[in-house]
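This report refers to the structure that appears directly beneath it.
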Amino acid sequence: GPFRIMMKTPLPVPEPVLLDVVDSTNTYAREHFDQLPDGTMVAARCQTAGRGRRGRAWISPAGRNIYATFLFKHLADGFHSGCLVGVGALACLREAAPGTDAFLKWPNDLYVRDRKLAGLLCESARIEAGRITGAVAGIGINVNLSEEELCRIDQPATSLLAEEKRKFNLENLIKRLAETVFRYYITYLNSADALLAEWRGANRLIGRRISVTDSCGGTHDGIFRAISADGSMIFEENGQVKYFTCGDVKINRESVDWNHLT
């Protein structure tokens, strides 16, 4: 289960930066990386150029959702920063929206049943002498989107409002998210292994039979066996083990038995 932090002197959570309008919180965090304290969350009420993975636009109406980016000065890769924000966001939602049974869908989405609740976008933030010395991790969470608005999204999606049948106070949720993710950041710095174990445990597709499509359009049917240390999917097809990175493959949603992912 979720672990609790054992710290004699809890570090103060950096004050979140709240913006009214921004092109993208990831861009802002990267541009202000050196000035902002380690672990700071940058959140916006409205994004004009939100990005999803593979350059997809992320629908960002004002005042309905959380658009936030965390900057980590002690993380050298996007995979670990995504794990960190993924489990932090799950822990925050378990407290704030206990009726919403969310889980992590590899590589970096939060799902409820077969519907997307949140997406993550992690990027390296600083490169010195050819070496990455920092990362930013962005998350977009559908909070107060109505059923009608969800229908306009180009894939099955849900929101906390749709799941819990009540509106959420965005400012409160943003503050809680900042606190929870920072707590997990400290945990990660103390024990990366414990955090990665929790992240693997929240990935409910592990052990399931699924099909994936590779970048050339080929389909592979098999079992999602595990996740390797660098975040790759370890996939078994006809008794052969293959490693896929998130750039290589896309999980075919119709191949997943969503009803049994509990």
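The values are calculated or read from the model by the stated rules, or taken from the named source; none is laboratory data. Not measured: the values here are computed from a predicted model. A quick note on method: Cβ atoms are made from the backbone with ideal geometry, for glycine too, and the neighbour counts reach across all protein chains shown. All accessible areas refer to the heavy atoms of the entire protein, side chains included, with ligands and DNA or RNA removed. Shrake-Rupley method; radii C 1.70, N 1.55, O 1.52, S 1.80 Å.
Quick one: with all protein chains in place, what share of the accessible area of the chain is carbon or sulfur, to the nearest percent (1.4 Å probe)?
Of the solvent-accessible surface of the chain, carbon and sulfur hold 51 percent.
Find the centroid of the Cα atoms in the stretch 228-262 and in the stretch 73-140, then give the distance between the two in whole Å.
18 Å
From the P(r) of the stretch 96-186, could you give the percentage of C-alpha pairs in the tail past 15 Å?
When all Cα pairs of the stretch 96-186 are counted, 67 percent exceed 15 Å.
Quick one: P(r) of the chain from all Cα-Cα pairs, 5 Å bins, percents rounded to integers, in order of increasing distance.
Spelled out per bin, shortest first, that is 1, 6, 13, 17, 20, 18, 13, 8, 3, 1, 0.
Select from the chain the helices, each a whole stretch of DSSP H, whose alpha-carbon atoms run 20 Å or more along the helix axis and whose Kyte-Doolittle mean is at least 1.0; answer none if there are none.
Correct list, ordered by number: 78-96.
So what is the calculated 222 nm ellipticity per residue for the chain, using -39500 (n - 2.57) for each DSSP H run with n of 4 or more, over all residues, to the nearest 500 deg cm²/dmol?
Mean residue ellipticity, 222 nm, calculated: -8000 deg cm²/dmol.
Could you pull out every one of the lysines with an alpha carbon less than 24 Å from that of K167, ignoring same-chain neighbours closer than 8 positions?
Here the lysines satisfying the reach criterion relative to K167 are K116, K175.
How large is the accessible surface per residue of the chain, computed with a 1.4 Å probe and reported in Å² as a whole number?
Normalised by residue count, the accessible surface of the chain is 48 Å².
Sort H32, H220 by accessible area with a 1.4 Å probe, largest first.
Ranked list, largest accessible area first: H32, H220.
In a shell of Cβ-Cβ distance under 10 Å around A162, excluding A162 itself, what net charge do Lys and Arg (+1) and Asp and Glu (-1) give?
Within the 10 Å Cβ shell, the charges total -2.
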